[in-house]
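The values are calculated or read from the model by the stated rules, or taken from the named source; none is laboratory data. As the structure is a prediction and not an experimental result, all values here were calculated from the model. Accessible surface is based on the protein model in full, side chains and every heavy atom, while ligands, DNA and RNA are left aside. Shrake-Rupley method; radii C 1.70, N 1.55, O 1.52, S 1.80 Å.
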Amino acid sequence: QPSIAATAAATIAAVNAALSRNNEIWASKLAQAERTSAEADEAAERAARRVSVLEAECSDAHRELSELRGKEASAAEAADEAEKEWEEKLTEARHTAADAAAKLAHGERIAADAKQ
């Protein structure tokens, strides 16, 4: 029969070996969790940088859109002003033509009266 001391020593050795294996397993799991956490942190940093880039691009696009809308409004105002000016010149040309026709008619009457 083995002695109690030998049995106790074997039991302690078995417990220590089991604890050592358990510690190694948990150390491996911890290392894997730390790697996964580091990878997630890197992915989050990349995503944050991408978000910053996209926010800057959106800001630029909004600024350009505002500028284009301003230019569009200016162009529409210029077109309205040009149309108004054209209509005024057309009206003036019609008045001038009507005045010329009246003067011509008057001149023709005078000429007709002079022939009689």
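The value obtained for region 30-83, namely the Cα convex hull volume divided by the number of residues, is 37 Å³ per residue.
By how many degrees, 0 to 90 and rounded to 10, does the Cα axis of helix 4-115 deviate from the longest principal axis of the chain? Here the helix axis deviates by roughly 0 degrees. Note on Lys103: lysines with a C-alpha under 26 Å away, same-chain residues under 8 apart excluded, are Lys89, Lys115. Remark: the chain carries 87 Å² of accessible area per residue (probe radius 1.4 Å; ligands, DNA and RNA excluded). With all projection directions averaged, the alpha carbon convex hull of region 1-101 covers 10.1 nm². Could you run the Debye sum over the Cα atoms of region 70-116, one equal point scatterer each and no solvent, and tell me log10 of I(q)/I(0) at q = 0.21, 0.25, 0.26 Å⁻¹, two decimals? With no solvent term, the Cα-only Debye profile gives -0.74, -0.83, -0.85. Per atom type, the chain shows carbon and sulfur on 59% of its accessible surface, probed at 1.4 Å.
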